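Structure first, then comments.
The values are calculated or read from the model by the stated rules, or taken from the named source; none is laboratory data. As the structure is a computational prediction, the values presented were derived from the model and not from experiment. Cβ coordinates were reconstructed from backbone atoms using ideal geometry, including for glycine residues, and neighbour counts include every protein chain displayed.
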Amino acid sequence: MPEAPNTHAIAVLALTVLALVLFTREKIPLETSSLFVLVALTVGFELFPYQTEQGPLHAVDFFFGFGHEALIAVCGLMIVGHGLVRTGALEPVGRMLGRLWGVSPQFSLLLTLLLGGLLSAFVNNTPIVVLLLPILVSVSIRANTPSSSILMPMGMATLVGGMTTTIGTSTNLLVVSVAASLGLARMDMFAFFIPAGIAACVGILYLWLIAPRIMPLREAALSDTSPRLFTAQLHIPEGSFCDGKTLSEVVQKAGDQFKVQRIRRSENAYTLPLPDVLIRANDRLTLQDTPQNLKEYEQVLDAQLYSENVQVDDEHPLRAEDQQIAEIVIVQGSPLINVTLSDIRFSDRYQLTTLAIHRAGRVIESIPDSVGKIRLRIGDILLVQGAREQIAAIKREGYLLVLDATMDLPHSNKATLSLVIMAATVSAAAIGLMPIAISATLGSLVMLVTGCVHWRDIQRALSVQVILIVVASLALGKALIETGATTYVAHVFLDTTAGASPTVILSGLMLLMAVLTNIVSNNAAAVIGTPIAINIAQELALPPEAFVLAVLFGANMSYATPMAYKTNLLVMNAGGYVFSDFVRIGVPLTLIMWAVFSWLLPLIYGIGTG
């Protein structure tokens, strides 16, 4: 039995368990949970100092994550990647895929998966998913096929491709950095490309040939399911209820949803819709509402409904000229994150009317005003209606991701330049000219100086959630190492697997990480697992790199639940998936990747079965 841990180690282990639980709570923002962990560590060690062999462990040491090279690299790559999106540098890829889908859908799906995986090896997969989502939704609409058969495979292909290089995901950067700080040789960019590339090819074959065939058919999350709004006029005849009443009396009769935009007195005379305005015979009240509500107002107020100066009847239905329905996805960097529609005066600012909000499998109808009080979060989809030109303008700006039947992508004359900057950033790190943290920071500066991004874009590119979860995870990892908790956990793991072969122990560690990453943050699982993996390898006198990679690959297997990774949530809502769909497609993919790595890692590092 391993020696019992000290009091501080027990406290840190308890905090780690609590942190992992908090990270799974949907109602508690991940950044709030991360800040709580950071505060608990610093306050706890400040009030109850801990003495290590090298001296006292200072509480302020736990803030080292804010200056950690892994965090700097993550932030730098987020900025450079955002530059590619803002300048439309990936637009040619989207255009090419859009054309190919009309020629050969099956081959195009394979090419989409391969390109998504390849791009994600060097760019954070979120902008890749943001690029491909509207394209795939568009081609599925044109081909009259369900988008659910292609969106999830695409999203998972970017996760599979992201594990092939040290910069593919923030998880990779953290594992490599933590392992280097614990004495292992620093891994270069393509240190594990061969095993990861082999596994990625197997995974993409599964996503291409099998996943679409076992995926249940799902309707897209919104796809025009909410009623359209129509602009119409209510003509007030002589002797009707409204004749001689104030507008407030009319609203009281019609209901609180009755909203008059303007009052037309004659061909060229209009009156502001103030509550005390007196409504007269032959006035026309301009409204915007659903057909059902407009007809109800007509009956309740004894008025006549007109559209385009023609009275509405069976032969002359309501018309919505030059209006377009669109779906807006809330993605990382969107100005709509963590705000309500009322807070930012959405309808006034964007000249769009929100018809419905979709969140994780449920549609919240918007006609009641309460929809403006819903705090938006990443993955939500707004069904909006507005003028065609206005929606096209919003798409060109690139700040909101619009999902509809068109494929207008942001583009600028800086696209080629941003690609060159990204290529130089990656190449400098790949050839060993400078660490990725420095080359990414340099790349961010060049993006800024050349105008590919502006400071407001950088604010959108950086995720507070990612920053805090990285810092909190690094702090937890440091506390676990310094108090000896990782050594204790490693001994418990070895005692539990006593008698098993080294291959089984390595495989078991990877499977444990794969399960953990689908429940809690993958970054937390990686940072906590890395020092434990090194301790296990040292106890077994085996190459620690193999066990570190087991943690890295396991922590990247975020396939089985929608909350495992933020792009899963984007794909879930856009494709209309439910939780069980991720289990159905993601669990087999996890088992396939786990089996391939369980075979490759022992083979590459000479770990026997005895």
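Inside segment 444-497, residues that are closer than 18 Å to Ala524 by Cα and among the acidic types (Asp, Glu) make up a count of 1. Cβ separations smaller than 6 Å between residues 6+ apart or across chains give the following pairs from segment 423-442 residues that are more than 17 Å from Val123 (Cβ to Cβ) to residues that are assigned to a helix (DSSP H, G or I) and not polar (S, T, N, Q): Met434/Ala428. Count of segment 497-534 residues, restricted to those that are part of a helix (DSSP H, G or I) and either within 20 Å of the chain's Cα centre (by Cα) or β-branched (Val, Ile, Thr) (or both), is 17.
Listed conditions (1) modelled with pLDDT of 90 or more; (2) outside any helix (DSSP H, G or I) are all met by Phe553, apart from (2). Count of segment 448-500 residues, restricted to those that are within 16 Å of Leu173 (Cα to Cα) and surrounded by fewer than 21 Cβ atoms within 10 Å (Cβ to Cβ), is 1. Residues that are aliphatic (A, V, I, L, M), crowded, with 20+ Cβ neighbours inside 10 Å and over 14 Å from Ala191 (Cβ atoms) within segment 536-549 comprise Ile536, Ala537, listed in sequence order.
For segment 265-339, which fully contained strands (runs of 3 or more DSSP E) count at least 1 residues that are at pLDDT below 70 and closer than 22 Å to Thr353 by Cβ?
304-307, 323-329
Can you find a residue in segment 161-173 that is over 30 Å from Ala479 (Cα atoms), under 22 Å from the mean Cα position of the chain (by Cα) and crowded, with 24+ Cβ neighbours inside 10 Å?
yes
Inspection of segment 405-412 finds no residue satisfying the criterion of being in contact with a helix residue (DSSP H, G or I) (Cβ under 9 Å, 6 or more places away or on another chain) and in a helix (DSSP H, G or I). Quick one: which of Val93, Val103 is aliphatic (A, V, I, L, M), free of Cβ contacts under 8 Å to residues at least 40 places away in the same chain and not in a helix (DSSP H, G or I)? The unique qualifying residue is Val103. Ser370 falls short of the stated requirement of being modelled with pLDDT of 75 or more, surrounded by fewer than 18 Cβ atoms within 10 Å (Cβ to Cβ) and within 30 Å of Gln459 (Cβ to Cβ). Can you name every residue in segment 246-264 that is in contact with a strand residue (DSSP E or B) (Cβ under 9 Å, 6 or more places away or on another chain), surrounded by fewer than 17 Cβ atoms within 10 Å (Cβ to Cβ) and either in the same structural domain as Ala387 (by TED's automatic domain parsing) or part of a loop (DSSP other than H, G, I, E, B) (or both)? Those that are in contact with a strand residue (DSSP E or B) (Cβ under 9 Å, 6 or more places away or on another chain), surrounded by fewer than 17 Cβ atoms within 10 Å (Cβ to Cβ) and either in the same structural domain as Ala387 (by TED's automatic domain parsing) or part of a loop (DSSP other than H, G, I, E, B) (or both): Gln257, Lys259.
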